[in-house]
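Working notes for the structure below.
The values are calculated or read from the model by the stated rules, or taken from the named source; none is laboratory data. Values in this document were obtained by computation on a predicted structure and should not be read as measured data. In this analysis, Cβ positions are derived from the backbone assuming ideal geometry, glycine residues included, and neighbour counts consider all displayed protein chains.
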Amino acid sequence: MSEEIYSTTEHKAFRSTVRRFVENEIAPRAREFDEMGRFDKSLYPKMGELGMLGLRYDPRYGGSGLDWSYSAILYEELARADNAGVTMGIAVHTDMATPSLHAFGSEELKQKYLVPSIKGEMVSAIGVTEPDAGSDVAGIKTRAVRDGDDWVINGSKTYITNAATADWVCLLAVTDPEAGYGGFSQILFPTDTPGFKYDLLDKIGNRGSDTGLLFFEDARVPVANTIGDIGRGFQQQMMQFQDERLLACVGAYAGAQLLWEQTREWAENRVLFGKPLSKMQVTQFKFVEMMTQITAAKELSLACVRKCIAGEDATKEISMAKLFCGRMGRYVADECMQMHGGLGYMRESVAGRAFVDTRLISIGGGSDETMIHYLAKILGF
C-alpha cells in the first residue's frame, strides 16, 4: 500500500493539526456555509498561520518547502469536513491559481501577491474557462492588447470559483491572436481594477464556495503583471492543471471514503424486514464493491503523488487517475444515495449532498472526455 509516503512523525503531527482545524473551524459550520453560498474568508488567515496555504512553496515567500505528501494529507483531511465547496475554494487558492505565480512570477509579483496569499491575507482565483471555451482551453477569446506599459483587457470568464472572494485572478488571455499556442499569456489581475465586475452563479452542488462570471471591459493592468514570459501562458497553464487534477483525485477518494463510512453507520442502524440493512447480503456486496473502487482510486492517486515527490513526469498517470476517480466518486455517491432511500433525496442527507457535489469531478479541471482524448494521444493513437 502507498500510505508509507506519509508515515513519519512529522506527517502524523501535520495530519493532527489539519484534523483539529477541520473539526473546530469547518465541520461545525458546513451547512451554514452552504446556505451562505460561500465560506467565511477568515478561514484563510487561520490556515495561513498554521502553514497550510504554501506547503510546497519556497520558504523565502512564507512557504513550507515540503513535498506532495503533505498536500495529500491536507486534502484528505479537508474532504472530511463534509463540505466539498469549502475544499474546492481552498484548493483553487493553493493549487490552481498560485502555482504559476510561484514557478514563473517575477520577484516583485511574488512579494506583492504570493507572500500575502500564503499568509491568507489575499485570496486568489483562476480565470480560464469561458462561455465558449471550457476544456478546450485553446478556444478562449478574452483579449489583452498592449497599450504602452499596460494590458487593456476585454472579455469574460465563467464558472470561476472564488469569483466574489478573490483579491486577484490568474487570468489566461490571448495576447497575440496570430501566434497559435504561443499567443496566450497569464496575467495577474487584481479584482479592484476599474472595468472589472462579477455576477454569481447558482450551482446545484459545492454550494459552500462562490462561483461566478467575470467581466473585463477596457480593464488596465501593467504589463509587468504578466506571469512568466509573454506568449507562454498556455504552456504554463497546462502545467498548473496537473496540480489541480491531482488534488481533485485526493479529494475524490477521501470524500468517497467518508461517505462510505457514513453510509455504513446508517445501514447498521436502519432496520428493514426485522434486521439491519447492513446484514443483508446485497448491501454487504455493495459495500465491498465500493471499497474496492475507493482503494483502487487511492492507490492510483498516491502513485501519482510518489512520482511527483520523485520529480518524475506524472502527466499520464494523473490524467488516468482524474478519469478513474471522477467515475469512482459518481458510482459511490449513487450507491450510497440509493441505500439511504427517500432520505438520500433530501438536501439534509449526506448522500444527497455528495451525489450532486461529486458530479463535478468528472467535469471540472478537464472533463472525462478530455482526459480520454489526451490519454489516447499519449498512448499513440
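Within region 122-177, considering only strands (runs of 3 or more DSSP E) that don't extend past its boundaries, which have at least 1 residues that are under 19 Å from Phe234 (Cβ atoms) and under 15 Å from the mean Cα position of the chain (by Cα)?
Details: elements: 124-127, 143-147, 150-161, 168-174.
Strands (runs of 3 or more DSSP E) meeting the threshold: 124-127, 150-161, 168-174.
Mind listing whichever residues of region 8-42 are in a helix (DSSP H, G or I), under 28 Å from Arg353 (Cα atoms) and of a type in the set (S, T, N, Q)?
Within region 8-42, Ser16, Thr17, Asn24 meet the criteria.
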Can you pull out every residue in region 219-254 that is buried (at least 18 other Cβ atoms within 10 Å of the Cβ), among the aliphatic types (A, V, I, L, M) and in a helix (DSSP H, G or I)? Leu246, Leu247, Ala248, Val250, Ala252, Ala254
With respect to Arg19, is the statement that it is surrounded by fewer than 19 Cβ atoms within 10 Å (Cβ to Cβ), of a type in the set (Lys, Arg) and without any contact (Cβ under 8 Å) to a residue 60 or more places away in the chain true? no
Which condition number in (1) in a helix (DSSP H, G or I); (2) out of contact with any Cys (no Cβ under 9 Å at 6 or more places or on another chain); (3) crowded, with 21+ Cβ neighbours inside 10 Å is the one that Phe285 fails? (3)
Go through region 80-104 and count every residue that is surrounded by fewer than 24 Cβ atoms within 10 Å (Cβ to Cβ), modelled with pLDDT of 95 or more and either touching a Gly at 6+ places or on another chain (Cβ under 6 Å) or not in a helix (DSSP H, G or I) (or both). 1
Among (1) in contact (Cβ under 8 Å) with a residue 60 or more places away in the chain; (2) part of a strand (DSSP E or B); (3) buried (at least 23 other Cβ atoms within 10 Å of the Cβ), there is one condition Ile187 misses while meeting the rest; what is its number? (1)
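Any residue that is part of a loop (DSSP other than H, G, I, E, B), in contact (Cβ under 8 Å) with a residue 40 or more places away in the chain and under 20 Å from the mean Cα position of the chain (by Cα) - is there at least one of those in region 43-50?
Just the residues of region 43-50 that are part of a loop (DSSP other than H, G, I, E, B), to begin with: 50.
After this cut, where a residue has to be in contact (Cβ under 8 Å) with a residue 40 or more places away in the chain as well, the list is none.
Looking through region 43-50, none of the residues is part of a loop (DSSP other than H, G, I, E, B), in contact (Cβ under 8 Å) with a residue 40 or more places away in the chain and under 20 Å from the mean Cα position of the chain (by Cα).
Out of the residues in region 313-339 that are in a helix (DSSP H, G or I) and acidic (Asp, Glu), state the one that is nearest to the chain's Cα centre (by Cα). Break it down into steps so the answer makes sense when it comes.
If we filter region 313-339 for residues that are in a helix (DSSP H, G or I), which is where we start, we get 315-339.
From what's left, acidic (Asp, Glu): 317, 334-335.
On the way: Glu317: 18, Asp334: 22, Glu335: 24 Å.
Among those that are in a helix (DSSP H, G or I) and acidic (Asp, Glu), it is Glu317.
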